[in-house]
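Worksheet for the structure shown next.
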Amino acid sequence: MSKELGLPTKGLFEVMVNNGLISRENDTWVLTELGKTNGGVIKNHPQHGSFIAWDEKIKDVLDLTKDSEEKLISAIGLSKHFGISKLRINLTQ
């Protein structure tokens with residue numbers, strides 16, 4: 001998701017903290033009640049342990065403008081808005 005939003009992973013976690021969706025407790029990311037309300041769920045992987053998974057709709061909930069002056073939008077978001085291929089959007093860069 002961070003790649004899709006054009007953010008480094010650390011930046012995405014910071015946005016999620018700023019939006020009140022997750023918090024950090026004892027070196028572990030914890031899903032908040034607001035995060036659960038917005039589609040976050042805890043999943044377990046046999047090799048990698050537990051992690052937070054998000055519904056695709058979380059991207060519509062994230063306020064990327066917190067602590068920033070401009071809102072970021074991905075090629076996918078632009079393509080959906082204008083009804084054209086995300087590949088065509090990328091060609092215009």
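Worth a mention:
- Sorted peptide list for 12-21, 27-36, 81-90, criterion being average Cβ within 10 angstrom, highest first: 12-21, 27-36, 81-90
- Note on residue 85 and residue 30: the extension gain reaches 16.2 nm, defined as 0.36 nm multiplied by sequence separation minus the Cα-Cα distance.
- With contributions of -39500 (n - 2.57) from each DSSP H run of at least four residues, the per-residue ellipticity at 222 nm computed over the chain stands at -9000 deg cm²/dmol.
- For the chain, the share of accessible area belonging to carbon and sulfur comes to 52 percent (1.4 Å probe, ligands and nucleic acids excluded).
- Against the chain, whose longest principal axis comes from its Cα atoms, helix 9-18 is set at around 70 degrees.
- A crude spin-label estimate for the pair residue 43 and residue 18, with each label 7 Å from Cα along the Cβ direction, gives 2.7 nm.
- Expressed per residue, the C-alpha convex hull volume of the chain stands at 126 Å³.
- Residue-normalised accessible area of segment 1-69, given per residue in Å² at a 1.4 Å probe: 70 Å²
The values are calculated or read from the model by the stated rules, or taken from the named source; none is laboratory data. All values derive from a computational prediction rather than experimental measurement. With ideal geometry, Cβ positions are generated from the backbone for all residues, glycine too; neighbour counts draw on all protein chains shown. Ligands, DNA and RNA are excluded from the accessible area calculation, which covers all protein heavy atoms including side chains. Shrake-Rupley method; radii C 1.70, N 1.55, O 1.52, S 1.80 Å.
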